[in-house]
Amino acid sequence: MTAAILPPVRTDRARDVGVHCFLGLRRFAEVAGVPYDRLQKWRIRGPIYVPPPVVMVGRWPGWPLPMIETWAPIVVAGDGPVPPQWQWPEPTIMCRDSVSMCREHRVANAGLWLRISRGELPAAEVWVDDKPGWIIR
């Protein structure tokens, strides 16, 4: 009976090809070697420049690993040009999270994953850490 509550276990990962994975703010802090609270403060209030998120899954921001790996807390916000490797050419990609998908399709979380496994709904196109996202078009 509990098997229906959990998302199905997938033994093949062929369907994950093309899914974009991003790191959230906590993972950003770990990779950058900066305390999470400090990075969060810089992102909101400065004075250090933190690149805007590339993707938002619900309220969760996400950045690609290469951008995080090149970032360093050396540029003061508003004090000169931002290095090109920290710039993202497009506006932030907005995505629905699993909660909004459940509301939209009127299902519980387990029902959402069941419908995805049956092919009735599209699989998540973006992941921020462990949070799935569906791009809003």
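Values in this text are rule-based calculations from the coordinates and carry no lab data. Predicted model only: the values in this text are computed from it and were never measured. Glycine gets a Cβ as well: all are built from the backbone with ideal geometry, and neighbour counts include every protein chain shown.
Once the piece of chain linking Ala123 and Val31 is laid out straight, how much longer is it, given 0.36 nm per residue of separation minus the C-alpha distance between them?
Taking Ala123 through Val31 to full extension adds about 30.3 nm, to one decimal.
Can you give the FRET efficiency for Val99 and Arg45, using 1/(1 + (r/R0)^6), R0 = 30 Å, r = Cβ-Cβ distance, to the nearest 0.05?
According to the calculation, E is roughly 0.60.
Pulled fully out, how much extra length does the chain show between Val76 and Ile136, if you take 0.36 nm times their separation in residues and subtract their Cα-Cα distance?
Taking 0.36 nm per residue and subtracting the Cα distance, the gain is 18.3 nm.
Arranged by the count of other C-beta atoms within 10 angstrom, fewest first, what order do Trp88, Trp60 take?
Trp88, Trp60
Taking the Cα atoms of the chain, what is the range of coordinates along each of the three principal axes, in descending order and whole Å?
Sorted from largest, the Cα extents of the chain read 56, 29, 28 Å.
What value, in deg cm²/dmol to 500, does the helix sum -39500 (n - 2.57) over DSSP H runs of n ≥ 4 give at 222 nm once divided by the residues of the chain?
Helices in the chain give a 222 nm mean residue ellipticity of -8000 deg cm²/dmol.
If R0 is 22 Å, what FRET efficiency do you get for Leu65 and Ala110 from their C-beta distance, rounded to 0.05?
Given R0 = 22 Å and the Cβ-Cβ separation, E is 0.10.
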